[in-house]
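All remarks here apply to the structure that follows.
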Amino acid sequence: MKYILSVIFILAAFAVRGQYTTVTGVITDAQTNQTMPFVSVSFPGTPIGMTSDKNGKYTISTDKTYTQLKFSYIGYKTVIRTIIAGKEQAINVKLQPDVQTLATVKISSGKKKRYTNKDNPAVELIRQVIAHKNSNRMESYDYTEYEQYEKLEFSFINVSEKLSDKKLLRPYKFLLDNRDTTNLPGKSLLPVYLEEKLTQSYYRKNPEFTKKIVEGEKKVNIVNFVDEEGVNSYLNRMYSEVDIYSNNIFLMTNQFLSPIADGGPSFYKYFITDTIEVDNKKLVELSFTPRNGNDMLFDGLIFITLDGRYGVEKARLTINKNINLNWVRGMAVDLTYDKNPDGRYHLAKSDMKANFGFNKNGEKGIFGERTITYSNFLINKPHPDALYKGPAEVIQDSSMRKNERFWVESRGRDTLTGVEANVYKNIDSLQTIPSFKRTMDLINLFAVGFKTFGPVEVGPLGDLYSFNSVEGARVKVGGRTTTAFSTRYYLETYEAYGFKDERFKYLLSGAYAFNNKSIYTFPNSYIKATVQRDTRIPGEEIAFTQDDSFLLSFKRGVDDKYLYNDYYKLDYVNEFENHFSYALGFKSWKQAPAGALYFIDDLNNTPQNVPAITTSEFSVNLRYAPHEQLVQGKLYRITIPSKYPIISLDYREGVKNLFGGDFDYKNLRLNVSKRFYLSQLGYADVTVEGGYLFGQVPFPLLNIAQANQTYTYDDNSYTLMNFLEFVSDHYASAKIDYCLNGFILNKIPLFKKLKLREYITFKTLYGGLRDENNPALHASLLQFPLDQTGTPETYTLSRAPYTEGGFAIGNIFKIFRVDFVERFSYLDHANVDRTGIRVSALFDF
């Protein structure tokens, strides 16, 4: 995912500032000279305002010609200062205590009072809000329904106006001149991405069910190497809907603790900063700030009703500069609530803005905004049960074909500006410019590895050269057809050559898509035939086509046991919108030893070489990933992490004497993986797996534990296990990768500025081998490999589970993770490492 944002927005950014009124300064107490946080700063008589930060600093901007600025704080006299419209200026303010207001306040000492929850009226108020949360949530009603219009937009910040005058960029003048100078005061925005959606939502309490019907969608896409749906899923995951009544709020792929979470008083400081009356409603302005500025917490304020319901009427959530969040220079979420007939409030509008700055002050970079408007809110209006059945989200077939009149009516008060309206036609025009197409081809080549030539594409670039102990230097050239060739038929091929073993390897594959769309997008429905001859490490058959990377050629320890694999495969894959899928397959598979690996049986007490073994195998795979969101690339498919599990059941059956098959067996495997979100304590990725093989087979067909002898860390492999070290016919495993998200390091003075993140890992494998599959008891079976000295190199898990664990430091330079791993069992095996250091890269917010 590390290329998505930078590829979507490909233009460079240089600054030019407009004429805005911008006022900055510091607010202090006139008597103590201490800085004052959370002072309300506003233009009198307008809704434009903000609060000073925890150091008393403020910055406020507008493009209007206001001439006054108001400073107010409960217990202090209000101050109004004259300002000069259209200028940048600094105004420092000293606030005088209001003697009448403070007449009953007891001052015990001149020292700054230490913040405490005890006898704190602000904390008592927030506890009332927490106690009334359930009654104020939408879920307190038996039925609710509403219309939801949302707009997601990305823009470049402060792109120089001179760029359109440069010769190379003159074809893009129509795009570069389409600027917005009103949405972000003091900055010029160049929009390049826009998405709109209209959804009708229904909620039923008992039995609980939420149904969303997408009635309209409209969006642009400027990349062709990542699927459009995947890009939209990732962007909407970053800009998730905000429910302040939830304990945790998911934004930028991280969990933030809500200021009104059940455990909020343990992580936040609260201050009553004002009391106001709006439309005969009495509200308390409650400001809050994190106890630790590096944690995933908000700064901001909420307005609480004093009608006995303690509901939220308005909220503003921001982040401070010290937070352990990557790439985001600033973020703000504004929530507005409307009153229901029964006196409770529902969310009427959510506006989230984020600045992905290229520099520290955010003057250059990318600005993203997601606005959601909720209208036609109805409560306790039941519908027939049929409405709540079926998938949780239904996208109408006509959703992408709505006319402009539909969108004008759907937007309501959120009418597109002229600049926003131009985005659709500008991006369409952009796709026709030859230089833009060439640029995208280059990005496609280096980011993904393919070069497109109309109906075919050549690649991947990363597989061009690699090496191993059997083949020596290896070169590989491949290609496949695109949708420009056909939307039904797909062909793929590669040829590779090893200079040490002097053998050619190849793949020939053809597929037919039943749903008339690319087989490299979701959902798939196709049948595919494949012929393949290549080398692979035993136990790596699952990743048979993805192990040719140059970086993965570097391996630790002894790496000399390979297989020459010949495959003839026929696969049928069918995926559904609800992310249930099944795959049916048949494979005729011939395995011959390569390198230092050999096949020997001991029939008649005389060791003899077996040149190869042949298997004819049928397979069924079932997979279910509820609410899964994907990013589909040309070589990979990435699941965007979420709280929902992924379940996979795999069944394979070998048939003896079918196309030369040598063995009868049945192999069953179940895999379940899930991410557990632990709020401020981070998250844990947990995978459990079990398998059982029925029948008698030689060791290459047993369950071979997936080892990793490279120097990169892989969640799914055993880091300090050797290739082909453990085999079994029944096993159970667990893998845990726990990220504390900086919870500990954020509190250590010398480390918190580095914004590092700590991880704890643990992996275990338990299994065994029945007597019928033990070559020591059956001479007809292939013997376990020995090294040149006669020392065993392949073992069973008969004594105890295999275990390894460690810790890691992540977010190094915002990208890298370094793992320190230790092996805890089977330390007496040959050529094993007890400890190791591994490196990996991860793009994450």
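The values are calculated or read from the model by the stated rules, or taken from the named source; none is laboratory data. None of the values given here were measured: they were computed from a predicted structure. Here Cβ is always computed from backbone atoms with ideal geometry, including for glycine, and neighbour counts include all displayed protein chains. Note: areas computed on protein heavy atoms with side chains; ligands, DNA, RNA excluded. Shrake-Rupley method; radii C 1.70, N 1.55, O 1.52, S 1.80 Å.
Does V631 satisfy being surrounded by 15 or more Cβ atoms within 10 Å (Cβ to Cβ) and within 30 Å of R480 (Cα to Cα)? Yes. Identification of helices (runs of 4 or more DSSP H) wholly contained in the stretch 385-483 with 2 or more residues that are polar (S, T, N, Q) and buried (at least 17 other Cβ atoms within 10 Å of the Cβ) yields 418-430. State which residue is modelled with the highest pLDDT when the search covers only the stretch 675-705 and only residues that are open to solvent by 60 Å² or more (accessible area, probe 1.4 Å) and within 30 Å of T253 (Cβ to Cβ). Checking each candidate, the answer is V688.
Being crowded, with 16+ Cβ neighbours inside 10 Å, aliphatic (A, V, I, L, M) and in contact (Cβ under 8 Å) with a residue 12 or more places away in the chain is a condition met by no residue of the stretch 822-841.
Just one of the listed residues (L552, L508) is within 28 Å of A705 (Cα to Cα) and either open to solvent by 20 Å² or more (accessible area, probe 1.4 Å) or touching a residue at least 24 places away in the same chain (Cβ under 8 Å) (or both), and it is L552. Filtering the stretch 643-666 to residues that are touching a residue at least 40 places away in the same chain (Cβ under 8 Å), open to solvent by less than 60 Å² (accessible area, probe 1.4 Å) and not in a strand (DSSP E or B) leaves L658, G660, G661, F663. Here L570, L563 are screened, and the one residue that is assigned to a strand (DSSP E or B), touching a residue at least 12 places away in the same chain (Cβ under 8 Å) and out of contact with any Leu (no Cβ under 8 Å at 6 or more places or on another chain) is L570. Would it be correct to say that T482 is over 30 Å from Y562 (Cα atoms) and touching an Asp or Glu at 6+ places or on another chain (Cβ under 6 Å)? Considered against the rule, which asks whether it is over 30 Å from Y562 (Cα atoms) and touching an Asp or Glu at 6+ places or on another chain (Cβ under 6 Å), T482 comes out as yes. Considering only residues that are of a type outside the set (K, R), in contact (Cβ under 8 Å) with a residue 12 or more places away in the chain and closer than 25 Å to T144 by Cα, which ones fall in the stretch 399-428? Answer for the stretch 399-428, where residues must be of a type outside the set (K, R), in contact (Cβ under 8 Å) with a residue 12 or more places away in the chain and closer than 25 Å to T144 by Cα: S399, F406, W407, S410, G412, D414.
Residue pairs whose Cβ atoms lie under 6 Å apart, separated by 6 or more positions or on different chains, with the first residue in the stretch 139-151 and over 26 Å from V408 (Cβ atoms) and the second part of a helix (DSSP H, G or I), are T144/M138. Report yes if I83 is open to solvent by less than 50 Å² (accessible area, probe 1.4 Å) and either modelled with pLDDT of 85 or more or farther than 26 Å from K321 by Cβ (or both), otherwise no. So I83 passes the test. Every listed requirement among (1) surrounded by fewer than 21 Cβ atoms within 10 Å (Cβ to Cβ); (2) of a type outside the set (G, A, S); (3) out of contact with any Lys or Arg (no Cβ under 6 Å at 6 or more places or on another chain) is met by F298 save one, (1).
Yes or no, residue by residue, for (1) touching a helix residue (DSSP H, G or I) at 6+ places or on another chain (Cβ under 9 Å); (2) basic (K, R); (3) farther than 21 Å from A583 by Cβ:
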| position | (1), (2), (3) |
| --- | --- |
| V448 | yes, no, yes |
| G472 | no, no, yes |
| T482 | no, no, yes |
| E495 | no, no, yes |
| K500 | no, yes, yes |
| L508 | no, no, no |
| Y526 | no, no, no |
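Of the residues E215, E196, the single one that is open to solvent by 30 Å² or more (accessible area, probe 1.4 Å), in a strand (DSSP E or B) and either modelled with pLDDT of 85 or more or under 19 Å from S398 (Cα atoms) (or both) is E215.
For the stretch 38-79, the tally of residues that are in contact with a Pro (Cβ under 6 Å, 6 or more places away or on another chain) and among the β-branched types (V, I, T) stands at 1. Note on the stretch 677-723: residues that are assigned to a loop (DSSP other than H, G, I, E, B), among the small types (G, A, S) and touching a residue at least 24 places away in the same chain (Cβ under 8 Å) total 3. If I go through the stretch 200-211 residue by residue, how many of them are in a strand (DSSP E or B) and surrounded by fewer than 16 Cβ atoms within 10 Å (Cβ to Cβ)? Total meeting the criteria: 2.
K381 falls short on exactly one of the conditions (1) open to solvent by 40 Å² or more (accessible area, probe 1.4 Å); (2) over 30 Å from Y345 (Cβ atoms); (3) part of a loop (DSSP other than H, G, I, E, B), and that condition is (2).
The single condition among (1) open to solvent by less than 60 Å² (accessible area, probe 1.4 Å); (2) closer than 30 Å to L235 by Cα that A612 does not meet is (2). Residue count for the stretch 31-80, restricted to those that are of a type outside the set (V, I, T), part of a strand (DSSP E or B) and open to solvent by 80 Å² or more (accessible area, probe 1.4 Å): 2. For residues that are among the hydrophobic types (A, V, I, L, M, F, W, C) and more than 21 Å from the chain's Cα centre (by Cα), scanning just the stretch 344-371, find the one that is surrounded by the most Cβ atoms within 10 Å (Cβ to Cβ). Ranking the candidates gives L347 first.
Results for (1) in a helix (DSSP H, G or I); (2) under 20 Å from K364 (Cα atoms); (3) touching a strand residue (DSSP E or B) at 6+ places or on another chain (Cβ under 6 Å), shown as yes or no for each residue.
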residue	(1), (2), (3)
E145	no, no, yes
K151	no, no, yes
V159	no, yes, yes
N178	no, yes, no
T182	no, yes, no
K187	no, yes, yes
